[in-house]
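Worksheet: the structure to be examined is printed underneath.
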Amino acid sequence: MRHLRSLLFVPGDRPERFAKAAASGADAIILDLEDSVVPARKADARKAVADWLASERDVPAIVRVNPLGSDQIDADIACLRRIAPDAIMLPKAEGAESIATLDSLLGDLDAPIIPIATETPAAIFELGSYRACADRLAGLSWGAEDLPAAIGAATSREEDGRYTAPYELVRSLTLFAAHAAAVPAIDTVFPAIRDESGLAAYVARAARDGFTAMLAIHPAQVAVINAGFTPGAGEIARAQAIIAAFADNPGAGALALDGKMIDRPHLIQAQHVLARAAASLLPSEGGAFSKAFNRSKPHTTSSR
């Protein structure tokens, strides 16, 4: 399966934008039934999404449903059962218990799930529970907008765009929760659409820290995100040199390479780099989630 670097949101009630989003170069598109669609247009959005997913497509399609317990979720689930998307994005998720609840609503539909895992205060304390349902996840993401609104905070960002301390903590916890569950860590959106240099710096930081993908809100962001999560020639050459050095010295625990010490963690990191580089060269295809995440449901349980 192709490494998913960019996941592009498109409002579910704007079908005229679907083809443009699919042609943007994004590794997957997220057809949104939640925040970007006003209540009066939810039914129109579901119909538009269902009609589009019934046609041939060349990019994996994720559907973001409305939150569990909302007055829209039952209609969303009925729609999902008809269209069988490649994955489902669950907003305001609160750990493994939310995944179990969604799974019970989905019935026989076995589409993998991407929780947005930090949008309520209670959700923060459930991040570690996603290990209990990792076999049902296609990744783990977070959000920096709903949570401050939920607790009455003025903002989640400093004036220079950096996250304030509480939300930096939330970002870090999501990163480690994703890796603990062995699923892709997906960083949240960068809201300044026209700030290409700021976006590039944000993506570079995400890739440096261990995120493997990012949410996008505009087609113009896709190329920058894809480039930032694709290893460059220098990074690949360095990884190849590290792997070759250990291959030439199979019994060594630590080696000197170009005047610097390297050890087994460097080898593991180098292997990850080459795996990401190889995956980024594979063609994207519809149904990629379904093929790669063929999970069985009996393991979806609450950790509480």
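The values are calculated or read from the model by the stated rules, or taken from the named source; none is laboratory data. Bear in mind that the values here come from a model prediction, so they are computed numbers and not experimental data. Note that each Cβ is placed from the backbone with ideal geometry, even for glycine, and that neighbours are counted across all protein chains shown.
Values for this structure:
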item: Test: residue in the range 74-83 that is touching a residue at least 24 places away in the same chain (Cβ under 8 Å), small (Gly, Ala, Ser), more than 27 Å from Gly152 (Cβ to Cβ) and out of contact with any Lys or Arg (no Cβ under 6 Å at 6 or more places or on another chain); result: yes
item: Selection from the range 181-205 of residues that are touching a Ser or Thr at 6+ places or on another chain (Cβ under 7 Å) and farther than 20 Å from Tyr167 by Cβ; result: Pro184
item: Filtered residue count, the range 121-146, keeping only those that are at pLDDT 95 or above and assigned to a helix (DSSP H, G or I); result: 14
item: Sole exception among (1) outside any loop (DSSP other than H, G, I, E, B); (2) more than 22 Å from the chain's Cα centre (by Cα); (3) more than 25 Å from Val224 (Cβ to Cβ) for Val49, by number; result: (2)
item: Failed condition for Ala233, given (1) surrounded by 12 or more Cβ atoms within 10 Å (Cβ to Cβ); (2) closer than 23 Å to Glu196 by Cα; (3) free of Cβ contacts under 8 Å to residues at least 24 places away in the same chain; result: (1)
item: Filter pass, Leu68 being without any contact (Cβ under 8 Å) to a residue 40 or more places away in the chain and touching a helix residue (DSSP H, G or I) at 6+ places or on another chain (Cβ under 6 Å); result: yes
item: Residues (farther than 15 Å from Thr118 by Cβ and among the hydroxyl-bearing types (Ser, Thr, Tyr)) located in the range 133-164; result: Thr155
item: Residue that is surrounded by the fewest Cβ atoms within 10 Å (Cβ to Cβ) [pool: residues in the range 82-100 that are part of a loop (DSSP other than H, G, I, E, B) and more than 16 Å from the chain's Cα centre (by Cα)]; result: Ala84
item: Residue, surrounded by the most Cβ atoms within 10 Å (Cβ to Cβ), within the range 53-77, restricted to residues that are modelled with pLDDT of 95 or more and in a helix (DSSP H, G or I); result: Asp76
item: Search result, residues across the range 14-46 that are buried (at least 18 other Cβ atoms within 10 Å of the Cβ), touching an Asp or Glu at 6+ places or on another chain (Cβ under 9 Å) and assigned to a helix (DSSP H, G or I); result: Ala22, Lys42, Ala45, Arg46
item: Failed criterion for Ile193 (all others in (1) of a type outside the set (D, E, K, R); (2) surrounded by fewer than 16 Cβ atoms within 10 Å (Cβ to Cβ); (3) modelled with pLDDT of 95 or more hold); result: (3)
item: Residue within the range 265-277 that is hydrophobic (A, V, I, L, M, F, W, C) and modelled with pLDDT under 55 present; result: no
item: Any hit, the range 165-178, residues being touching a Gly at 6+ places or on another chain (Cβ under 8 Å), under 16 Å from Ile114 (Cβ atoms) and in a loop (DSSP other than H, G, I, E, B); result: no
item: Subset of the range 145-174 (residues that are closer than 12 Å to Ile124 by Cα, buried (at least 17 other Cβ atoms within 10 Å of the Cβ) and not charged (D, E, K, R)); result: Leu147, Tyr167, Val170, Leu173, Thr174
item: Single unsatisfied condition, Gly95 versus (1) at pLDDT 95 or above; (2) farther than 30 Å from Glu168 by Cβ; result: (2)
